[in-house]
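Participant: This is the structure I have questions about; it appears just below.
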Amino acid sequence: MNEISENYKRIVESVEKARKDFKRDDKVRIMAVTKGVAYEKVNHAIELGINLLGENRAQEFLQKHPFYSKKAKIHFIGGLQNNKVKYIIDKVSVIESADSVKLLSEINRRAAAHSLTMDVLVEINIGCEWSKNGIEAGLLPGLLAEADALENVRLRGLMAIPPIDAGEQIYADMQRLYEDARAQVKQPDKFDTLSMGMSGDYITAIKHGANIIRIGSALFGSR
């Protein structure tokens, strides 16, 4: 637990330094990615000040969810199968991994059944990597148009996982894609989230507009 406390302190300090260095006057939220982390450690991170959790796997999330502190909101950030939407729809505040019309339609249907509107981020495969989820950047305008027509889905922004050791240009490309998308959607004031950057690249992500960074190993250590 002491290691988590020290790690959290370092991360907060580095985020604040990056905000100043890159003249960011908005807030950058630190998400604790909880894959493979015991709920006791997650709750300790919440007590330190983490108020946002990122869940990758539906089954693991459902097992740990009853034991989580209620002080933090939860985003689902992993690949999501259509048949798993019904299990998480009323337990998360944002689904960050929407990457198809089919999935968005299922999210919409399940949200309507619970009389709620689900906030979503569209996941972009910005590096065109076959091993990763997300849509190609060129398909984004069409997907946004389809999503805008769904009554129980609210578009909140974009999410991306740039390739390891990607050059800085790919982060700039993602920032530009986000800004272009914001100009397209029907509710640009609600389209306010760029989720990008993990333990190894979050400083670069902050430089290029990320306002949610997803931190796992740098916070909890190797798993």
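The values are calculated or read from the model by the stated rules, or taken from the named source; none is laboratory data. Worth saying up front: this structure is predicted, and the values here are computed from it rather than measured. Neighbour counts are summed over all protein chains in view; Cβ atoms, including those assigned to glycine, are modelled from backbone coordinates with ideal geometry. Quick note on the areas: whole protein, heavy atoms, side chains included, nothing else; ligands and nucleic acids left out. Shrake-Rupley method; radii C 1.70, N 1.55, O 1.52, S 1.80 Å.
Participant: Have a look at A160, A149 and point out the one that is surrounded by fewer than 19 Cβ atoms within 10 Å (Cβ to Cβ) and at negative phi.
Facilitator: Just one listed residue meets the conditions, A149.
Participant: What residue, among those in segment 74-104 that are assigned to a helix (DSSP H, G or I) and open to solvent by less than 50 Å² (accessible area, probe 1.4 Å), is farthest from G142 (Cα to Cα)?
Facilitator: Filtering segment 74-104 for residues that are assigned to a helix (DSSP H, G or I) and open to solvent by less than 50 Å² (accessible area, probe 1.4 Å), the one farthest from G142 (Cα to Cα) comes out as I88.
Participant: Let me ask something else. Restrict the check to segment 185-198 and report whether at least one residue is of a type outside the set (S, T, N, Q), open to solvent by 10 Å² or more (accessible area, probe 1.4 Å) and under 22 Å from N56 (Cβ atoms).
Facilitator: yes
Participant: With of a type in the set (S, T, N, Q), more than 23 Å from P188 (Cα to Cα), in contact (Cβ under 8 Å) with a residue 40 or more places away in the chain and surrounded by 15 or more Cβ atoms within 10 Å (Cβ to Cβ) as the only criterion, which of N108, N133 stands out?
Facilitator: When all the criteria are applied, what remains is N133.
Participant: With the requirement that a residue be surrounded by fewer than 18 Cβ atoms within 10 Å (Cβ to Cβ) and either in a loop (DSSP other than H, G, I, E, B) or basic (K, R) (or both), what does segment 42-56 give you?
Facilitator: The answer is G49, N51.
Participant: Name, by its number, the condition in (1) farther than 17 Å from S222 by Cβ; (2) assigned to a helix (DSSP H, G or I); (3) in contact (Cβ under 8 Å) with a residue 40 or more places away in the chain that does not hold for M31.
Facilitator: All conditions are met except number (2).
Participant: Of all residues in segment 111-130, count the ones that are open to solvent by less than 30 Å² (accessible area, probe 1.4 Å) and in a helix (DSSP H, G or I).
Facilitator: 1
Participant: Follow-up question, since we're still on this one. State which residue pairs qualify: first residue farther than 16 Å from R156 by Cβ and without any contact (Cβ under 8 Å) to a residue 40 or more places away in the chain and inside segment 168-186, second residue open to solvent by less than 20 Å² (accessible area, probe 1.4 Å) and assigned to a helix (DSSP H, G or I) in any location, beta carbons under 8 Å apart, and separation of 6 or more residues or different chains.
Facilitator: Note: pairs meeting the criteria are Y171/A205.
Participant: When you scan segment 174-182, do you find a residue that is of a type in the set (S, T, N, Q), assigned to a helix (DSSP H, G or I) and within 18 Å of M198 (Cβ to Cβ), even just one?
Facilitator: Looking for residues that are of a type in the set (S, T, N, Q), assigned to a helix (DSSP H, G or I) and within 18 Å of M198 (Cβ to Cβ), one finds at least one in segment 174-182, hence yes.
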